[in-house]
Amino acid sequence: MQEKKNNIKVYLTIFFLLFILGFYHTQVNPPVPIKNNKPIPIKLINADLEEVNEKVFNGNMVYSGNVIAEHETSSLKADSIIYFQDRNFIEARGNINFKDKDTYLVCKRLTYDANTKTAVAYDDVKLTSPDQIIETQELIYDANSDVAYFDNWGTIYKGENITKTKIGKYFVKDKRIELGANSTLESPDYTILGTDIKYNTQSGLAIFKNFTEIINKKDLTIYIIGTQGTYNTKTKESFLKKDGVVHYQGKILSADDLYFNEITGYGKGIKNVKLEEPKEKRYLMGEYGEVFQFKDSAIVTGRPYMVKAFTKDSLYMHSDTIIAIQDKNKQSTIRGYHNGRLFKSNMSGKSDSLVYHEDASRLDFYKRPIFWATGGRQLISDTLSVYLNPQTQAIDSVYGRENAFVISKVDSLSPKFEFNQAKGRKLYAYFENDKIHFIDLKGNAESIAYVEEESKKTGKKERTGIAISICGILQGEFVNEELDIVSCQLDAQSKIYPESKLPENQRYLPQFNWRGKERLRKWNDIFPDVFPDQGIDSVDNIDVSIQKSEVEPISN
């Protein structure tokens, strides 16, 4: 008989130790109980019935009916308890109410170790503190450190806020929660999904170190993703590190260091900033950026650039500062200020400022603009506007205002400095297949064109002279690199000079400036540090001395 009792005692001891160790071996470390040097015995205050059975529970006392027990700061009410007096340990069953300071615990079964002041609750567990409520099926409560822990799913309630997690550790005094795998924090305003989250219910601050998603329930277009950072559930502020991403209004903001405030709609990114608009297939990149959700605008600096993806190619734009704005009609405008550069497979350009009117498919160049079209044709004026075909994204037309100048090499492969030229106060250039096809110059128009005709003897084109025209309105057509003057009206004066009769320095219009070496030939040439200005060809300084009075009308 004594041997059987000893076996039962050993068995229960081993079972209890294995049970506790099983709880402790989890992702979020459970509280470490503090063992008292001189344990204080548990006090039995009341019981309607007490009995002992030598064959059951190693002969330890069983109390039932309105049982009340106390131990230091804790008290217990239950239908029945088994009191292992030699171990200072009890096991309670049925309608359990356990209280420690301001924390209340109800369940169907509970063990309490007075040596470590640790309670383990089972079955329909509900822990209530002044701050919140925890519901689970198994829970460890450390009365020494006021810490509750569970590792098999639990729900935490704080007002309207609901947290669901597989593993949870609740610090009652600090009002702080550490959440383990598969955690969900939910309120009427937000949902937080993630792992390894530390949440302070008093400050509302959630700290996470693994993949976490934060969803704004009142505006489902706003959701935040990150693997390291914080989220304040009260101020709705996010601070994200590494691969943080903020989604809002169909836009996507990412950066190495990222901040976003859902209340003000203000966001800021530092290093590797990227603002993506998937619907528009447009991206803004740089080293520093700010977004303003409610003004529908953004600013990017630090080597910023824009990419607009088209069907066949992309438009690239760079300047010192890029600002994106969307007006009340949802019309988007991208502005680049200072040292602007632009590249597309069929064009490139530079100016101090650039403006891309996305919905109108128009590009505006301000302050010393220069534009290159396919074939190396160069356009200059005080301001330029380039119109793209909305469907094909090909160049449709170019409008130049004040001091407009069109230059095209007679032979793009030849090293000779021979150029077809036209200038005037205003320019309208029309394109076909991305090449200038027709030009219309108004106001003090002038042109120099190299003339070639087919030889009757050889059947090949031969140079016949150089045509100089001056008039109020000039229209010309480019055909196979040649500039053919179609019309010259209002005080028109035109003449064809044999090459031998026209000196080299008179073959350039006033203010001629060929800047072929500055032309951007690939997309990353938009960055000055990659492709710095290399100066201009030497012919820009040629003395041009042809005067209007020296041009004689062409003879029949």
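Report yes if ILE496 is within 16 Å of GLU418 (Cβ to Cβ), among the β-branched types (Val, Ile, Thr) and modelled with pLDDT of 55 or more, otherwise no.
The answer is yes for ILE496.
Select, from ILE225, ILE192, ILE263, ILE214, the only residue that is without any contact (Cβ under 8 Å) to a residue 60 or more places away in the chain, farther than 24 Å from THR301 by Cβ, touching a Lys or Arg at 6+ places or on another chain (Cβ under 8 Å) and among the hydrophobic types (A, V, I, L, M, F, W, C).
ILE263
Can you find a residue in segment 323-331 that is of a type in the set (A, V, I, L, M, F, W, C) and over 23 Å from the mean Cα position of the chain (by Cα)? Write out each step before concluding.
Of the residues in segment 323-331, the ones of a type in the set (A, V, I, L, M, F, W, C) are 323-325.
Filter again for over 23 Å from the mean Cα position of the chain (by Cα), leaving none.
Looking through segment 323-331, none of the residues is of a type in the set (A, V, I, L, M, F, W, C) and over 23 Å from the mean Cα position of the chain (by Cα).
Can you pull out every residue in segment 311-345 that is farther than 16 Å from ILE526 by Cβ and open to solvent by less than 40 Å² (accessible area, probe 1.4 Å)? Break it down into steps so the answer makes sense when it comes.
Pass one, segment 311-345, residues farther than 16 Å from ILE526 by Cβ: 311-312, 323-333.
Selection gives ALA324, GLN326, SER332, THR333.
Output the number of residues of segment 38-69 satisfying the condition of being aromatic (Phe, Trp, Tyr) and not in a strand (DSSP E or B). Steps first, answer last, please.
Here is the first cut: in segment 38-69, the ones aromatic (Phe, Trp, Tyr) are 57, 63.
With not in a strand (DSSP E or B) added as a condition, the list becomes 57.
Total meeting the criteria: 1.
For segment 83-94, which positions are closer than 13 Å to ILE42 by Cβ and either open to solvent by 20 Å² or more (accessible area, probe 1.4 Å) or out of contact with any Lys or Arg (no Cβ under 8 Å at 6 or more places or on another chain) (or both)?
Of everything in segment 83-94, those that are closer than 13 Å to ILE42 by Cβ and either open to solvent by 20 Å² or more (accessible area, probe 1.4 Å) or out of contact with any Lys or Arg (no Cβ under 8 Å at 6 or more places or on another chain) (or both) turn out to be TYR83, PHE84, GLN85, ASP86, ARG87, ASN88, PHE89, ILE90, GLU91.
Please name all residue pairs, on different chains or six or more residues apart, with Cβ atoms under 8 Å, provided the first residue is in segment 402-431 and is over 22 Å from LEU384 (Cβ atoms) and the second residue is among the hydroxyl-bearing types (Ser, Thr, Tyr) and in a strand (DSSP E or B).
These pairs meet every condition: VAL410/TYR450; GLU418/TYR450.
Could you check segment 432-458 and list, in sequence order, the residues that are over 21 Å from TRP514 (Cα atoms) and open to solvent by less than 40 Å² (accessible area, probe 1.4 Å)?
GLY443, SER455 - these are the residues of segment 432-458 that are over 21 Å from TRP514 (Cα atoms) and open to solvent by less than 40 Å² (accessible area, probe 1.4 Å).
Can you name every residue in segment 363-391 that is without any contact (Cβ under 8 Å) to a residue 24 or more places away in the chain and either hydroxyl-bearing (Ser, Thr, Tyr) or outside any strand (DSSP E or B) (or both)? Please lay out each step first, then the result.
Start the filter on segment 363-391 by keeping residues that are without any contact (Cβ under 8 Å) to a residue 24 or more places away in the chain, which leaves 364, 366-369, 382-383, 385, 391.
TYR366, LYS367, ARG368, PRO369, ASP382, THR383, SER385, GLN391, listed by residue number.
Answer with yes or no whether ARG463 is touching a helix residue (DSSP H, G or I) at 6+ places or on another chain (Cβ under 7 Å) and surrounded by fewer than 16 Cβ atoms within 10 Å (Cβ to Cβ).
When the stated conditions are applied, ARG463 passes them.
Can you tell which of PHE371, PHE343 is of a type in the set (Phe, Trp, Tyr) and over 28 Å from the mean Cα position of the chain (by Cα)? Explain how you work it out, then say what you get.
Numbers: PHE343 fails: over 28 Å from the mean Cα position of the chain (by Cα).
Among PHE371, PHE343, only PHE371 is of a type in the set (Phe, Trp, Tyr) and over 28 Å from the mean Cα position of the chain (by Cα).
Going by the structure shown, is ALA360 outside any strand (DSSP E or B), farther than 18 Å from PHE405 by Cα and either out of contact with any strand residue (DSSP E or B) (no Cβ under 8 Å at 6 or more places or on another chain) or in contact (Cβ under 8 Å) with a residue 24 or more places away in the chain (or both)?
yes
Of all residues being open to solvent by 50 Å² or more (accessible area, probe 1.4 Å) and hydrophobic (A, V, I, L, M, F, W, C) in segment 472-493, which is nearest to SER414 (Cα to Cα)? Just the residue, please.
The qualifying residue nearest to SER414 (Cα to Cα) is VAL479.
Among the residues of segment 368-384, which ones are open to solvent by less than 30 Å² (accessible area, probe 1.4 Å) and either charged (D, E, K, R) or more than 8 Å from GLY400 (Cβ to Cβ) (or both)?
Matches in segment 368-384: PRO369, ILE370, PHE371, TRP372, ALA373, GLY376, ARG377, GLN378.
Quick one: which of ILE162, ILE192 is modelled with pLDDT of 90 or more and closer than 27 Å to ILE263 by Cβ?
Values: ILE162 fails: modelled with pLDDT of 90 or more.
From the options ILE162, ILE192, the qualifying one is ILE192.
From the list TYR288, TYR283, pick out the single residue that is aromatic (Phe, Trp, Tyr), open to solvent by less than 70 Å² (accessible area, probe 1.4 Å) and part of a strand (DSSP E or B).
One residue alone meets the criteria, TYR283.
The values are calculated or read from the model by the stated rules, or taken from the named source; none is laboratory data. Given the structure is predicted, the values throughout are model-derived calculations rather than measurements. When we count neighbours, we look across all protein chains shown, and the Cβ atoms used for this are built from the backbone with ideal geometry, even at glycine. The protein model used for the area step is the full one, side chains on, heavy atoms only, and it has no ligands, DNA or RNA in it. Shrake-Rupley method; radii C 1.70, N 1.55, O 1.52, S 1.80 Å.
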